[in-house]
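A short worksheet on the structure shown next.
The values are calculated or read from the model by the stated rules, or taken from the named source; none is laboratory data. Keep in mind that this is a model prediction, so the values were computed, not measured. Glycine also receives a Cβ, built like all others from the backbone with ideal geometry; neighbour counts cover every protein chain displayed. For the accessible areas, the whole protein counts, side chains as well, though only heavy atoms, and no ligand, DNA or RNA atoms are used. Shrake-Rupley method; radii C 1.70, N 1.55, O 1.52, S 1.80 Å.
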Amino acid sequence: MPTAEILVSIQCITFNHKDYLRHALDSFLRQKADFAFEIIVHDDASTDGTTDIVREYAALYPDIIIPMYEEENQWKKTGMKPVFAKMTNISRGKYIAYCEGDDFWQDDYKLQKQVEALESHPDASMCYTGFQTVDNSGVPYCSERYEQWNKEGHSGELFFDLLDHNIVLTPTTIFRRNVFESSIYKDTPLRLDYFAFLSAAAIGHLIYLPERTACYRSTPTGAMATQLPWVQEKYNAIRFYFLCEYALGKIKKPFCIEGFFAKMEIVNLAIRKSIAGDNTLKKKLRTNNVWRKYFILAWCQIKLENWKFKHQKS
């Protein structure tokens, strides 16, 4: 790899990933690019030998790998916001790529393709790609849910699409650094990868490359397997934040307030009819480019009102 100014910082958070981390780090090191990159590995006080692997790779590749070690698990202590901030402060790259220690990349040109896409589109804030799901042993399998995400992936202004439901997986992403320096990202205690996706979509366009450059590993100890209700709760909190702090202002800008509420009333009518079994108006509005953002906003409001009601009762 050329000795030049760092263009991409790969951020890898790992915790008790002894059986997977080598696969992830090797996939980073295999990247073929005409620019320099660095790998920042944060070990969150692992207890299974993951820390030894980080030390081994840091010793083998001292010019590429920057290790960060914790003596106490930060996820439990303070949450990951301070960790992400520290990693970003250390990162030297114009672009920041994410991949956790139990996932990996399968395309050796992933970074090259994504950087070229972002360099060619200065209005884009993030690039994401297709992906392959693999089981605990790294064997590919077909997940109907995630295959739908691959089908729905596309480029453009995706803020309202992502507010409706997420279609982006972390190991496929690369961001412009300014996403993490923006006020919408920094001025909140909320985190998780979904928050980064929405922040990027709020700032600029997103680029989608259909190539399956990364692998998402489904593990029995992962958050989606062991903490799904907690993850869903956090996702709803993130939606609520963006709905209150950002979405309403973004959608009102081109229209007068009377026109905005008139459109929302039509969308709400479509949703009420849909609940009653008549989906005709709902389908028409949701697939229309002009009306889609209004529909998604109204739909999110209903979902979040239900979530808040359940949350308050519990």
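Conditions tested, residue by residue: (1) modelled with pLDDT of 95 or more; (2) surrounded by fewer than 19 Cβ atoms within 10 Å (Cβ to Cβ); (3) more than 28 Å from GLN132 (Cβ to Cβ); (4) under 23 Å from the mean Cα position of the chain (by Cα).
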{"residue": "MET1", "(1), (2), (3), (4)": "no, yes, no, no"}
{"residue": "SER27", "(1), (2), (3), (4)": "yes, no, no, yes"}
{"residue": "THR51", "(1), (2), (3), (4)": "yes, no, yes, no"}
{"residue": "ALA85", "(1), (2), (3), (4)": "no, yes, yes, yes"}
{"residue": "CYS99", "(1), (2), (3), (4)": "yes, no, no, yes"}
{"residue": "TYR109", "(1), (2), (3), (4)": "yes, yes, no, yes"}
{"residue": "GLN112", "(1), (2), (3), (4)": "yes, yes, no, yes"}
Test: residue in the stretch 133-151 that is in contact (Cβ under 8 Å) with a residue 60 or more places away in the chain and in a helix (DSSP H, G or I): yes
Any chance SER9 is in a strand (DSSP E or B), crowded, with 20+ Cβ neighbours inside 10 Å and either modelled with pLDDT of 95 or more or touching a strand residue (DSSP E or B) at 6+ places or on another chain (Cβ under 8 Å) (or both): yes
Complete set of residues in the stretch 174-189 that are modelled with pLDDT under 95 and under 13 Å from the mean Cα position of the chain (by Cα): VAL179, PHE180, TYR185
Residue count for the stretch 152-182, restricted to those that are out of contact with any strand residue (DSSP E or B) (no Cβ under 8 Å at 6 or more places or on another chain), open to solvent by less than 20 Å² (accessible area, probe 1.4 Å) and either touching a residue at least 60 places away in the same chain (Cβ under 8 Å) or part of a helix (DSSP H, G or I) (or both): 6
Hey, LYS94 under 19 Å from ASP63 (Cα atoms) and either open to solvent by 10 Å² or more (accessible area, probe 1.4 Å) or among the aromatic types (Phe, Trp, Tyr) (or both) or not: yes
